[in-house]
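S.K.: Structure incoming, see below.
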Amino acid sequence: MERSHIKQEINITDALMTRINELISHYPEDKRKSALLPVLHEVQDAHDNWLSTDLQIKVAEILGIQPIEVFEVVTFYTMYNQRPIGKYMFEFCQTSPCCLNGLENLMDYTCNKLGVKVGEPTADGLFEVRGVECLGACGYAPMMQLGDFYQEHLTEAKIDQLITDCKDGKITLHDK
């Protein structure tokens, strides 16, 4: 995923900074970089679920590390978003067990139902479909992650219900 050059308001509130400092406190002073992943999660959650280049640079400043160290992490992990994304991200596991159980057809079905291609948000910004690497639930294939939760043994009917539940606000994205 390319780094976005879309402007994003950086809003490191006192509450967010308190949470960041609490996360940093779990590590030795000379190992602040170890807090990078949890800090990125907190900052992303507080900024509409994406991290602009400027925001990544701000995280580097807070942790006292080089921006490239943040860029390397953000570009490696699919859980960090470098551009605005759909509110409900359908992250389909694309590894062999899921694919052998019809995952590719379900991804196509979901994209057709939503009128999008993989990796693009719906016009209303509500949905996006993404393929990701192993989510570690091979026994429940085909599966996907939606927010913090796994959706397992997927079928077209389950996809339809998830879309309806999202539209109706019945899906909670985070367990915080």
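S.K.: Please specify each residue of the stretch 1-22 satisfying the condition of being open to solvent by less than 40 Å² (accessible area, probe 1.4 Å), outside any loop (DSSP other than H, G, I, E, B) and either farther than 22 Å from M89 by Cβ or in contact with a Pro (Cβ under 8 Å, 6 or more places away or on another chain) (or both).
M.R.: Filtering the stretch 1-22 down to residues open to solvent by less than 40 Å² (accessible area, probe 1.4 Å) leaves 4, 8, 16, 20.
Now restrict to residues that are outside any loop (DSSP other than H, G, I, E, B): 16, 20.
Listed by number, the list holds a single entry, I20.
Conditions tested, residue by residue: (1) of a type in the set (S, T, N, Q); (2) under 14 Å from the mean Cα position of the chain (by Cα); (3) closer than 28 Å to E9 by Cα.
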residue	(1), (2), (3)
E91	no, yes, yes
T122	yes, no, yes
E128	no, yes, yes
G136	no, no, no
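S.K.: Residue by residue through the stretch 38-60, note down the ones that are among the polar types (S, T, N, Q) and open to solvent by 10 Å² or more (accessible area, probe 1.4 Å).
M.R.: If the condition is that a residue be among the polar types (S, T, N, Q) and open to solvent by 10 Å² or more (accessible area, probe 1.4 Å), then N49, T53 are the ones that fit.
S.K.: On the basis of being in contact with a Lys or Arg (Cβ under 6 Å, 6 or more places away or on another chain) and either open to solvent by less than 10 Å² (accessible area, probe 1.4 Å) or hydrophobic (A, V, I, L, M, F, W, C) (or both), does L63 make the cut?
M.R.: On the way: in contact with a Lys or Arg (Cβ under 6 Å, 6 or more places away or on another chain): yes; either open to solvent by less than 10 Å² (accessible area, probe 1.4 Å) or hydrophobic (A, V, I, L, M, F, W, C) (or both): yes.
When the stated conditions are applied, L63 passes them.
S.K.: May I pose another question? Just one of (1) under 30 Å from L126 (Cβ atoms); (2) modelled with pLDDT of 95 or more trips up M17, so point out which.
M.R.: (1)
S.K.: I'm trying to understand the selection: among the residues of the stretch 129-143, which are under 21 Å from Q82 (Cβ atoms) and at pLDDT below 95?
M.R.: R130, G131, V132, E133, L135
S.K.: Limited to the stretch 94-117, what total is found for residues that are modelled with pLDDT of 95 or more and of a type in the set (A, V, I, L, M, F, W, C)?
M.R.: So the answer is 5.
S.K.: Then there's this: Could you list, in sequence order, the residues of the stretch 66-89 that are crowded, with 20+ Cβ neighbours inside 10 Å and either on the phi > 0 side of the Ramachandran plot or modelled with pLDDT of 95 or more (or both)?
M.R.: Scanning the stretch 66-89 gives V70, V74.
S.K.: Taking the stretch 29-57 on its own, how many of its residues are at pLDDT below 95 and more than 17 Å from E69 (Cα to Cα)?
M.R.: Looking only at that region, the number is 7.
S.K.: Please determine, by comparing only the residues of the stretch 124-171 that are of a type in the set (S, T, Y) and in contact with a strand residue (DSSP E or B) (Cβ under 8 Å, 6 or more places away or on another chain), which one is farthest from D48 (Cα to Cα).
M.R.: Y140
The values are calculated or read from the model by the stated rules, or taken from the named source; none is laboratory data. Because the structure is predicted, anything quoted here is derived from the model rather than measured. Please note: Cβ atoms are built from the backbone with ideal geometry, for glycine as well, and neighbour counts cover all protein chains shown. Accessible surface areas use protein heavy atoms only, side chains included; no ligands, DNA or RNA. Shrake-Rupley method; radii C 1.70, N 1.55, O 1.52, S 1.80 Å.
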